[in-house]
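Here the structure comes first, spelled out in structure tokens, and everything after it is commentary.
Each reported figure results from applying straightforward, stated rules to the coordinates on display, with no laboratory input. Because the structure is a prediction, the values reported are computed rather than measured. Methodologically, a virtual Cβ is constructed for each residue, glycine included, from the backbone with ideal geometry; neighbour enumeration extends over all protein chains shown.
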Amino acid sequence: MSNDSPSRIPEGDTLTQVKPKLKKPPLYRVSLLNDDYTTMEFVIQVLQKFFQKSFEEATQIMLQVHHKGQAACGFYPFEIAETKVNQVISFSRTHEHPLQCIMEEA
Ligand code: TYC
């Protein structure tokens, strides 16, 4: 087989500089928003149940939301982020809390 056979990419050809096409999926930040009615205990429970946080981590995140208005709970691919948001909102409404959860491209 010669050097410029069609089955080989010639050196210096732009094709040799093309990056592999496997792109990492974009990540979405899932955050909780503050409100005046949801109890602190409930927010800690949500962070433990849906975001696998320890009691200590959950307490820190809850306090950050309480003092700053919002805080990130985690970063996930689109469909996982969307599922977390829906689970948190559904669980909160079932327990009659107005807690809001959002996702944004990170
Ligand atoms: N601000 C609420 C209170 O004082 C507590 C709270 C924290 C609510 C975090 C929502 O995402 C939240 N009871």
Packing-based ranking, highest mean first, of 45-56, 18-29 given that Cβ atoms within 10 Å are counted = 45-56, 18-29
task = Count the lysine pairs in segment 11-106 whose Cα atoms sit under 28 Å apart, keeping only pairs 8 or more residues apart in sequence or on different chains.
result = 9
Pair residue 94, residue 82: separation of 7 Å Cα→Cβ label points (nm) = 2.1
task = Name the long-range amide H neighbours of residue 53: under 5 Å, sequence gap of 5 or more, or other chain; modelled H, no Pro or chain starts.
result = 48
query = Taking a spot 7 Å from the Cα of residue 24 along the direction of its beta carbon, which residues of segment 91-106 have an amide N less than 18 Å from it?
reply = 104-106
